[in-house]
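Throughout, read-outs are computed from the coordinates displayed, never taken from laboratory work. Every value quoted in this text rests on a predicted model; they were computed, and no experiment measured them. Note that each Cβ is placed from the backbone with ideal geometry, even for glycine, and that neighbours are counted across all protein chains shown.
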Amino acid sequence: MMGRLVPLGIVDMINDQYELTQQGKEIFESLMLIEDATKIYYRLDAIDILEGKGEEEIFKLIDTMEFNKGLRQLIKQTITKRNFNPKQR
């Protein structure tokens, strides 16, 4: 299975061991963000309830929740973009 990832550029064989390439590391980090998001899906649903509340109130709520740093930043960016494009959802 690992041998199939080499031609894709996700892993390299170095000193008879497989190691992630930079692209592989980015894919891994993205998958970890997705996994974290699926674990806390119900919390994300609660954020939608706050639609119409001020951005500062929502950010305070997000900061109190147990998100990892990358996921917290992604959620805040999504909320900020939503405020600039109210028709887009």
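What FRET efficiency would be calculated for the residue pair Y42, L5, taking the C-beta separation as r and a Förster radius of 35 Å, to the nearest 0.05? Walk me through the intermediate numbers first.
Values: r = 33 Å, r/R0 = 0.95.
So, using R0 = 35 Å, E works out to roughly 0.55.
Starting with the highest mean, order 12-20, 72-80, 33-41 by the number of other Cβ atoms within 10 Å, averaged over the residues of each peptide.
On the way: 12-20: 10.0, 72-80: 14.2, 33-41: 12.2.
Result, highest mean first: 72-80, 33-41, 12-20.
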For this session: List the residues whose amide H sits under 5 Å from the amide H of V11, counting only those 5 or more places along or on another chain, with H placed 1.01 Å from N in the peptide plane.
Result: V6, T21
